[in-house]
1. Distance check, please: which entries in 94/254; 73/190; 73/229; 229/254; 64/130; 130/242 exceed 18 angstrom between their Cα atoms?
2. In vacuo Debye scattering of segment 44-192, one point per C-alpha: log10 I(q)/I(0) at q = 0.14 Å⁻¹?
3. Test of understanding: ordering 351, 127, 164 by Cβ neighbours within 10 Å, fewest first, what list do you get?
4. Could I have the simple spin-label model distance between residue 361 and residue 159, label points 7 Å from Cα toward Cβ, reported in nm to one decimal?
5. Would you mind computing, in nm to one decimal, how far apart the modelled labels at residue 249 and residue 318 are, each placed 7 Å from Cα along Cα→Cβ?
6. For segment 209-306, what are the per-bin percents of Cα-Cα distances with bins 10 Å wide, up to the bin holding the maximum?
7. Order of 23, 191, 183 from fewest to most other C-beta atoms within 10 Å?
8. Tell me, how many Å apart are the Cα centres for segment 76-106 and for segment 190-250?
Amino acid sequence: MSDLVQPKSVDVTYETDEPVLYEADAGIAWVTMNRPAFNNSQNGQMTYALDDAFRRATNDDSVKCIVLAGAGKHFSAGHDIGTPGRDLHHEFEKRLMFAPHTNKPAAELLYTREQEQYLGMCRRWRDIPKPTIAMVQGACIAGGLMLAWVCDLIVASDDAFFQDPVNPLMGIPGVEYFAHAYELPPRVAKEFLLLGERMSAERAERFGMVNRVVPRDQLRETVGAMAAKLAGQDRLGNWLTKQAVNHVEELRGKRAAMDAERAANKYKQVEFMKQHLGETFEAVVSGVSNFGFWAETVEHKCEGLVSMVSLSDYDDFRLIESDYSIAGRRSGRTFRMGDKVFIRVVAASLDKRQLDYEWILNNAREKPVKAKQGKTKKRN
């Protein structure tokens, strides 16, 4: 039995063929995010281009230091959640050992993509055997934080600010690269996450999240001087020093903390829905299988299963693998990815981290009525 789904077809329009610019000179590689029209928001195209640039700089023995920058007014506004170039459903060749994501139900689709493009790549970039510097101006928001935090040093302009508004806006505990409590003191990290308010570069420097704050017009000059100094030092010495500090962070549980945060997301969905048992929500079909169909609530993005067993109260549904749909034999009713439905929450298991829904027949929110079985008269 297959629980794979039909990959969603979405039109994607990239505004540039060069989402990342690369320049190497005097032992320094300048890697620049190049989507200024969208404040350098990160789509898959940019993320994989960043990976290419970092790999290029790593493989070039003439490069001794890497600088990460953002073109335009802002360093990065975070993940791309709404531009014409948003490519959530585009399948890139995976760089890490993960399966394709576009043919998975919604929660698995997002989790696989995030493990590859966000958490997995960031961990790898953090361990590049050369010193890295983030040159931050303007906004550094949510997904922008993870790009700055993987760098060894952060130099910010005096008009820069940092923000992770994911919890207030979406109800999840921060961006995927969950390093907040390692970049900031725990109580400050809680404030940063719970309130989701802007933190100025000056305040970030006081807590040690930023190394230096300089006037905007002196930012590149300052970063260039630091990079030149690092490029002039012993290559192995720089690597071992960086490696030693990264190892200390691991001993303090940094990687384990990030993994725990990822697992907590599904737990949080179930915990939230546990308070809404019996309630009805608008949802979107996010996947189909022999077991039923998955539905993700529109407002809260909580995914659960509408089982074939529960659907049997209405019709005899079967999986049609040729077009990745579920169809009823008697009614002809079908469920396909992207269809809008109404569901009722019937079970929420914290132990299994599992949500069970039942389908509601229509937007009048009436429970489906079991199909009547016709009686067969005996013939004399």
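1. 94/254; 73/190; 73/229; 229/254
2. Debye curve over Cα of segment 44-192, log10 I(q)/I(0) at q = 0.14 Å⁻¹: -0.73.
3. In order of increasing Cβ crowding within 10 Å: 351, 127, 164.
4. Taking the two extended label points, one gets 6.1 nm.
5. 5.5
6. It works out to 12, 22, 19, 15, 18, 13, 1, in whole percents.
7. In increasing order of surrounding Cβ atoms, one gets 23, 191, 183.
8. 29
Bear in mind that the values in this text are calculations on the coordinates, not laboratory data. Not measured: the values here are computed from a predicted model. Cβ atoms come from the backbone with ideal geometry, glycine included; neighbour counts cover every protein chain shown.
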